[in-house]
Amino acid sequence: MDLGTPWDVEKIRADFPILKEQVYGKPLVYLDNAATTQKPQAVIDTLTHYYAAENANIHRGIFCLSEQATKRFKSARHKIQEFIGAGSDKEIIFVRGATEAINLVAQCYGRAFLKKGDEVLITHMEHHSNIVPWQILAGEIGIKLKVAPINDRGELILEEFKALLTSKVKFVSVVHVSNALGTINPVKEVVRLAHEKNIPVLIDGAQAVAHTSVSVRELDCDFYVFSGHKLFGPTGIGVLYGKRELLEKMPPYQGGGDMIRSVTFEKTTYNELPYKFEAGTPHIAGVIGLGAAIDYVQSIGLSRIEAYEQQLLQYGTQKLQEIPGLRIIGIARQKSAILSFVLGEAHAHDIGTILDRQGIAIRAGHHCAMPVMRRFNVPATTRASLAFYNTRQEIDRLAEALREVTEVFR
Amino acid sequence: MNGDIRELYQQMIIDHNKNPKNFRPMPDAGRVAEGYNPLCGDHFKVYLKLEGDVIRDISFDGSGCAISKSSASMMTAALKGKTREEARALFEEVRKMLSREIGKPFDATKVGKLAILAGVCEFPSRVKCASLAWHTMLEALEPTGKQVSTE
């Protein structure tokens, strides 16, 4: 795989202050990037500078600071639009995260355009955030949730998906990259199949945008959601992309300031997109910080990031497979750099504790994807999820610590 | 190997995890309670057979990590034949031992073999594992009708 110009991982690591930290006297090995990613200095500085020198509310001040904050806020929205290849910045709605974005669509699109007996089709590898909002909607208006199965590799079975795409299905919501398995779904094909039947599609891109370049125009999806904190940006900020014509006809999510054009006690008219869905003062610092994170990612380049992470994944897969008794859960042919595994009789939490004392941060548990755990008949897995600042040496340390686990549980 | 880790995963804990005592359902149990920590997934049932005031039999089943399972196993071994009051008292001592401040001493004479779990307090995120079976046992002994969780 060609990385183009030389990949200097040490130089990249120097941009992330937390990677110099020690845990229990050992250098931190951070392998929980699917939960949240670390922040480069550029993002931290942007947040600090905003609060230290630029803080003001947006869209209302007639003073310098407010105008400046408004400008920065708007420019971040534009940056995000270009980052995901959306046609207009009116299609970029700020929310708290991918979870809130899915809830927004389930509530606003679902309650307005779905009715009792309609079906929403998801897959067996969804995060709870793409299951529960639809179940809430099911309880409210009587839609039905249908689940497309996955195979033993952890891949969506496209034939079964097609078969489930009956005339009763009125909405499709599918994860782009599985947080528990690493599977990259053929989302373009999913969208094509659904659109053949005029069914709108939401893609949950929480695990995708930091690792591969995404173009919503190319995917032709109707909604795309992601979280800023998994993209090296702040927590509490996320994005809902929606096609303009759909967002236009959807009712607002919450009522309040900013989302209105005029208010009387008799009648309120709503503001235009994107403000219609952004009641109240938004997370201004978060938006500007997310803009800085995108600048940072683009300065490295997503195609280079993807190529490097694929190399790391290959190396990590091989290293882990050499450990006796270790079984990787999720071996899709198209896979992101996520290594979910079980190790002999050792429970994921015991593994987590032992790794932690070696300074290695991984996730142990069901990864908010209980149905996936049940599908593979495991109570929990241990998950190492990689980012472009991870190294082969860190994977070696993981493998070494896992050998210690097998020693403890011999 | 890291000393704290050896302290936590002593051989006796590993042995109880591998071959837990009284690890079986009890179809004729007089009392059953369920303990579940949804975030981490530890899930056990504790069964009791009381004869008057005495725990005639006690068992557990379910799944969880080595700490939760070995703690449950040792608990059943320690409580068989004890009175309610003694069980309540041991619960208190174990609770104190597990949740004490790091570095603080505890009265090892009151907990017997269970002192092997003393190292758990060095791992705050694992105290909930070690205490799950105990709280479940207490619910079986003094039912409130709730599902137990220590998260």
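Couple of notes before you dig in:
- Residues in the range A:62-74 that are open to solvent by 20 Å² or more (accessible area, probe 1.4 Å), farther than 19 Å from A:I93 by Cβ and not basic (K, R): A:I62, A:F63, A:C64, A:L65, A:E67, A:Q68.
- Residue tally, condition touching a residue at least 40 places away in the same chain (Cβ under 8 Å) and not hydroxyl-bearing (S, T, Y), over the range B:114-131: 11
- Within the range B:72-95, residues that are closer than 15 Å to B:T136 by Cα have Cβ atoms under 9 Å from residues that are surrounded by fewer than 16 Cβ atoms within 10 Å (Cβ to Cβ) and among the hydrophobic types (A, V, I, L, M, F, W, C) in these pairs: B:M74/B:M12; B:R84/B:V54, counting only partners at least 6 apart in sequence or on another chain.
- Within the span defined as the range A:342-358, every residue fails to be away from chain B (no Cβ under 14 Å), under 15 Å from A:V405 (Cα atoms) and either in contact (Cβ under 8 Å) with a residue 24 or more places away in the chain or open to solvent by 20 Å² or more (accessible area, probe 1.4 Å) (or both).
- Residue match in the range B:34-49 (condition: in a helix (DSSP H, G or I), open to solvent by less than 30 Å² (accessible area, probe 1.4 Å), of a type outside the set (V, I, T) and under 21 Å from B:I14 (Cβ atoms)): no
- Checking each residue in the range A:152-191 for being of a type in the set (K, R), within 22 Å of the chain's Cα centre (by Cα) and over 20 Å from A:I331 (Cα atoms) picks out only A:K188.
- Total residues in the range A:228-252, condition within 23 Å of A:I300 (Cα to Cα) and open to solvent by less than 10 Å² (accessible area, probe 1.4 Å): 7
- Some residue of the range B:90-109 being of a type outside the set (F, W, Y) and closer than 15 Å to B:V46 by Cβ: yes
- Looking only at residues in the range B:1-59 that are hydroxyl-bearing (S, T, Y) and closer than 29 Å to A:I362 by Cβ, the one that is modelled with the lowest pLDDT is B:Y9.
- Remark: pairs (first residue in the range A:382-410, more than 14 Å from chain B (Cβ to nearest Cβ); second residue among the hydroxyl-bearing types (S, T, Y) and part of a strand (DSSP E or B); Cβ separation under 9 Å; 6+ apart in sequence or on different chains) = A:A384/A:S340; A:S385/A:S340; A:A387/A:Y30; A:Y389/A:Y30; A:N390/A:Y30; A:E394/A:Y30.
The values are calculated or read from the model by the stated rules, or taken from the named source; none is laboratory data. Fair warning: this is a prediction, and the values are worked out from it, not measured in the lab. Here Cβ is always computed from backbone atoms with ideal geometry, including for glycine, and neighbour counts include all displayed protein chains. Surface areas here come from the heavy atoms of the whole protein model, side chains and all, with no ligands, DNA or RNA. Shrake-Rupley method; radii C 1.70, N 1.55, O 1.52, S 1.80 Å.
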